[in-house]
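Engineer: Here it is, the structure in full.
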Amino acid sequence: MIHAPFASSLAPPFVFVGERLWLDFINTDDVRRGTRVDVLRDFEQLIRWLEATSILDGERAGGIRRRAQQQPAGATASLADARRIRASLRALAERGAQTADVRTNALSEINRVLGRSAGTRRVEQRGDGSFVRSFVPVGDAFAGLMIPVVESAADALVTGELVRVRRCADARCLHVFFDGTKNGKRRWCDMSTCGNRAKAARHRRRVTESALSARLS
C-alpha cells in the first residue's frame, strides 16, 4: 500500500487533446468547473500520467513506486521538478513562437533535463501491436522520468512546430494543442467541450438579439 504523500484518491480523468506529448503534459495544469486544478497533485498522479501515456509500463511504474516508498524526499523533489518543467513548457507553448527570450529559457530547461540522459533507449511493442520508444535511466530512478516529455518539446523546436501550437480560444480553458488542420485555423482544444460551449453561447446571443429586435420593432 502507498501512503501519503504519494497516495491519491481517484483523480479526474487525464485529458489528452494536445496532439503532442509535451502539450498533454502542460494540460495537467488544468481548470475543472471553473477552478484551477493541478492534476499532478502528488507523486502517484505523476506516475499514473506517465503510465497513461505509455512512458512507463506497469513493471517500471511499480519499481518507481517502491523506490518512492524508500526515498520519499527524492520522489517529492521529482514532482517539484516536473512542475517546474511544466511551467517552462507552458511559457514555450503560449509565447515561444513570438518571444525569443521564452524560447531561450525553455531551451535551457530542456537541455538541463536532457543532461540527465544516462540510460538505455529502446523500442518496445505495446499490447495493441503498436511500437513506442522508451528510455530506461541508469542510477537515479527518478532522474529520467521527464526525458520523453522534454524530447517531445525539443522536437517541436527542431521541426518548427511552435507556430502551430495554440491555446484554446475559450478564455476559461488552459489547454494547449498542436493545430494540424490544413488551414491552421483550429480554435478549440475539443469541439465536444469548449467548442460546444462557444456554439451554445453564440446561439443564446442570437436568440437574445432577435427577441430584443422584435420588441423594438
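Here, each number is a calculation from the coordinates, and none is a lab measurement. Predicted model only: the values in this text are computed from it and were never measured. When we count neighbours, we look across all protein chains shown, and the Cβ atoms used for this are built from the backbone with ideal geometry, even at glycine.
Engineer: Taking 0.36 nm per intervening residue step and subtracting the Cα-Cα distance, what contour gain separates GLU124 from THR76 on full extension? All intermediate terms of the calculation are to be shown ahead of the outcome.
Structural biologist: On the way: separation 48, 0.36 × 48 = 17.28 nm, distance 2.87 nm.
My answer for the length gained is 14.4 nm.
Engineer: Which net charge results when you count Lys and Arg as +1 and Asp and Glu as -1 among the other residues whose beta-carbon is under 9 Å from that of VAL150?
Structural biologist: My count for the surroundings of VAL150 gives -1.
Engineer: In nanometres, what is the gap between the two model label sites at ARG33 and ASN183, each 7 Å from Cα along Cα-to-Cβ?
Structural biologist: Here the answer is 3.7 nm between the modelled labels.
Engineer: Taking the Cα centre of the range 148-199 as origin, sum charge times position over the Cβ atoms of Lys and Arg (+1) and Asp and Glu (-1), and report the length of that vector in debye to the nearest 20.
Structural biologist: Computed charge dipole of the range 148-199: roughly 460 debye.
Engineer: Residues with beta-carbon under 10 Å from that of GLY180, excluding GLY180: net charge, scoring Lys, Arg +1 and Asp, Glu -1? Walk me through the numbers before you get to the answer.
Structural biologist: On the way: positive: ARG20, ARG164, LYS182, ARG186; negative: GLU19, GLU161, ASP179.
So the surrounding residues net to +1.
Engineer: Moving to a separate point now. Describe numerically, in nm with one decimal, the distance between label points set 7 Å from Cα along Cα→Cβ at ALA100 and at VAL136.
Structural biologist: 4.4 nm
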